[in-house]
Structures are given as C-alpha cells and as structure tokens.
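The values are calculated or read from the model by the stated rules, or taken from the named source; none is laboratory data. Every value quoted in this text rests on a predicted model; they were computed, and no experiment measured them. Here the Cβ is made from the backbone with ideal geometry for all residues, glycine too, and neighbour counts use every protein chain on show.
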Amino acid sequence: MTRNWIGGAVALALVAGGVGFGAARLLDTRGGHAEEADHAEGEAAHGEAGFIALTPAQAQAAGVVVTTLQRGGGTDILLPGRVGVAPNASAALGAPVAGTVERVHVAPGQEVRQGAAIATVRSAEGAASRASVDASAAGARAAQAAAARDKRLFEAGVVARQDWEASQANAARAEAELRAARAQVAAQGQPGAGGVAVLRSPIGGVVTRVETRVGGFVTQGSLVAEIVDARAGEYVFEAPPAAADAIRPGQAVRVQLPDGSETTATIAAVAPSAAGSGAATVRARASGPTPPPGSVVSARVVMRAGAGGLVVPSEAVQTLEGRSVIFVSEAKGFRAVPVVAGRTAGGQTEVLKGLKGDERIAGKGAFLLKAEAAKGEAGDDH
C-alpha cells in the first residue's frame, strides 16, 4: 500500500511539474518481482503502528523534506521605542553661585571635552566666600602658632596644662573653619579673589542647550547649559506589563533603526510597571553608534518559555488520532512520535516534550505521511 501511495504522489508531482501523464505511468510500471517484494515490505511495515516505510529517495520524490531540530522557542513581541541617553551620559550644568554672566564660551551644537569652560560668572557672594577662606587660613595659622608656643611654655613649666589644652582646641577649631570655607568655595565653582568663577562641563559631549547670555544674571541653581554624550546612547522600549516578566537582562534583541537597517542590542534593565500603571520600561545597551536621541526605533524580542528549547517547523507537527505527532526519520522510513507542542511564532513551534534534540524529522510534506498513516490505521481496523 505504501508503494502505491508513493507512486501516486510521485506521479502527481511529475504531472504538476509538466513531465506528462505518460512519464508518470512509467514510474508506476515495474517488474512483477519488484512489485511483489515491495508489497510484502509494505505489509510488514504497516504491521507496526505509526511507522511509514519509505526510502530517502521516495521521500524526496514525494515532497517530504527531512530537517534537523533547532534550539530556540517561544513567541516574539515587537516593542516600540526610541533612542535615549545612557545614565551619566547627560548633564545639566547649574549655576553654583549667583552672579552676573561675563562670558559664554559655547553655543548649542558645539562639542566640548570634560572640564571645558562653559560660562564665566562674577559673583559678590563668591568674592565673600573667597575672602572667608583667606581669613580662615590666617586664623588657623595664628591658632597653630599659639598652640605650639603654649606647648613649649608648658614643657618649661611656665603655663598650666589647661592653658596649653585650650590653645590646642582653638587650633583645631580654626582648622575646621578653614576646611568649611574651602568646601564652600569649591561648591561655588572656585571663584577667585574678585569673585570670578568659570563654570565647566562635568562630561564630554555636545552642548544641546544654553540658557544664559552675556550680561544676564543667574541665581544659584539655575540652569546654564545642557551637555549630552550622544556616543553613550541606549535604546528605551515600552513593553506590555504582562511581557515584562519574560524579558531578562542580558537577552539579545534586534533593533530596527529609522533608516530601515538593523543592529543588535542587549537588554540592560527591565522596570515592570506597577499594577494598572501602563507599559513597562525596557532599556537596552547599544552594540555600536546610535541615531540621535529621540529617534524612533523598534525591537523584536523572543519570549522564551525556556532557554534552549526545541523548535520545529510548524508544518512538522501533525495531529494523528487526536494526538500531536512528529514523524521522525529512521533507516527504513518515518515513525510517528507523540509530542507535547508549545507556543507557535514565525512559522515555528516549540516542542516541550517527546524529542531528545538529535532526531531528524519530516518538515515540509509531513501532512503526506499523516495521510498515509491514517490510511494504514483505517486498514488495520478492518
């Protein structure tokens, strides 16, 4: 019965390919001995349930393609997103001290290095702070000298111990006041004696915004400029809350750029949303240069049920007697092996149970094997 079916399948393939009915009939016209042997072989094969006797040449002629198993699995999801800036790759430079702007050193779009001058400010408050440092330094020197003198006098028996200890405390207090004055000046941008402070870029990058001009007055903490290091870009995507649990840091994704090209990125962090708050935020590190911040991108993420799961072409999974089966290639044919199928995406189906991973299976054309197996089962019932 198998031989007759294969002959018919080959004949149909040849007729469909334009060979002609005459040629198709020749393939089914064989010597009597060969036909009897094939018939006996087919009967023996169909004596074993779920097995289809078929040589590799016959399988190929009938349109059955044998393939290997792949690793992967799960569905995939398309995430909308944009190009963002990585943490510590952008800076908002504020005025550390109130004062009048004497000079602006940069313009929007200009590239600067870390420590480059952005603006020069003259501040009365800064001048007072610098004077406080000078005064504190002088007081600390005097207190240290007095403590050293009282120590010598105490050792000579001229002054009491308590006088020496008091001078030591005064010296320590003067040192603390000096440190505080110096810290205040540092926080104000290190103004000089005239109160002039140069505000410098904390990072290297491109100036994207300047919020002051010469002659203007800035208050302490007001924005002076923004600097962005575009080379340290990252991708920021939005994922449905239900998908956030299946996305893991370290997972590789394919990112589609605005010009239609693709690049790779690696998931760096996932911030699941709180209940009812909308989409989760997924951040991914770029593997190369990124488009300008704000550019619209998208990424396809594979939602895996288990890392390294087995996947097969979806057409390889057939239903036989109410069960999902895959036809595994053996030396003399194909055997229907029951499997537990998982999720399907992109023409592939996840196999959760039933296969080891090293089998060769029928992919394209597996439905022909299913039809033959179904006929065999029907014949056995009679």
| Among (1) at pLDDT 85 or above; (2) under 30 Å from Val207 (Cα atoms), which single condition is Phe334 missing? | (2)
| said: Cβ-Cβ under 7 Å, sequence separation 6+ or interchain: first residue in the stretch 159-178 and without any contact (Cβ under 8 Å) to a residue 24 or more places away in the chain and under 17 Å from Gly139 (Cα atoms), partner of a type in the set (A, V, I, L, M) and in a helix (DSSP H, G or I). Which pairs? | reply: Gln168/Ala147
| request: Restrict the check to the stretch 218-233 and report whether at least one residue is at pLDDT below 90, in a strand (DSSP E or B) and not small (Gly, Ala, Ser). | output: yes
| said: Can you go through Val270, Val301, Val282, Val297 and tell me which one is at pLDDT below 85, within 23 Å of the chain's Cα centre (by Cα) and surrounded by 18 or more Cβ atoms within 10 Å (Cβ to Cβ)? | reply: Val301
| Hits in the stretch 247-270 (condition: closer than 20 Å to Val85 by Cα and either of a type in the set (D, E, K, R) or free of Cβ contacts under 8 Å to residues at least 12 places away in the same chain (or both)) | Arg254, Asp259, Glu262
| field | Contacts under 6 angstrom Cβ, first residue in the stretch 113-138 being farther than 30 Å from Ala171 by Cβ, partner surrounded by fewer than 16 Cβ atoms within 10 Å (Cβ to Cβ) and among the charged types (D, E, K, R), 6 or more apart | value | Thr120/Glu102; Thr120/Arg103; Arg122/Glu102
| note | Residue pairs within 7 Å by beta carbon, gap of at least six or interchain, first lying in the stretch 40-61 and closer than 17 Å to Leu368 by Cα, second modelled with pLDDT of 85 or more and among the acidic types (Asp, Glu), listed first then second, are Ile52/Glu372
| said: Can you tell me how many residues within the stretch 349-382 are buried (at least 19 other Cβ atoms within 10 Å of the Cβ), modelled with pLDDT under 90 and part of a strand (DSSP E or B)? | reply: 3
| message | If I ask for residues that are more than 60 Å from the chain's Cα centre (by Cα), basic (Lys, Arg) and surrounded by 13 or more Cβ atoms within 10 Å (Cβ to Cβ), which ones from the stretch 119-161 would you list? | response | Arg149, Lys151
| remark: Going through the stretch 304-316 in order, the residues found to be crowded, with 16+ Cβ neighbours inside 10 Å and at pLDDT below 85 are Arg304, Gly309, Leu310, Val311
| query | Is the stretch 40-49 home to any residue that is buried (at least 18 other Cβ atoms within 10 Å of the Cβ) and either in contact with a His (Cβ under 8 Å, 6 or more places away or on another chain) or at pLDDT 90 or above (or both)? | reply | no
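Rundown of residues vs (1) touching a Lys or Arg at 6+ places or on another chain (Cβ under 7 Å); (2) not in a strand (DSSP E or B), yes/no style:
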{"position": "Val97", "(1), (2)": "no, yes"}
{"position": "Thr100", "(1), (2)": "yes, no"}
{"position": "Val106", "(1), (2)": "no, yes"}
{"position": "Ala119", "(1), (2)": "yes, no"}
{"position": "Ser129", "(1), (2)": "no, yes"}
{"position": "Val133", "(1), (2)": "yes, yes"}
{"position": "Ala137", "(1), (2)": "no, yes"}
{"position": "Ala140", "(1), (2)": "no, yes"}
{"position": "Ala143", "(1), (2)": "no, yes"}
| query | Regarding Val207, is this residue part of a strand (DSSP E or B) and touching a residue at least 60 places away in the same chain (Cβ under 8 Å)? | reply | yes
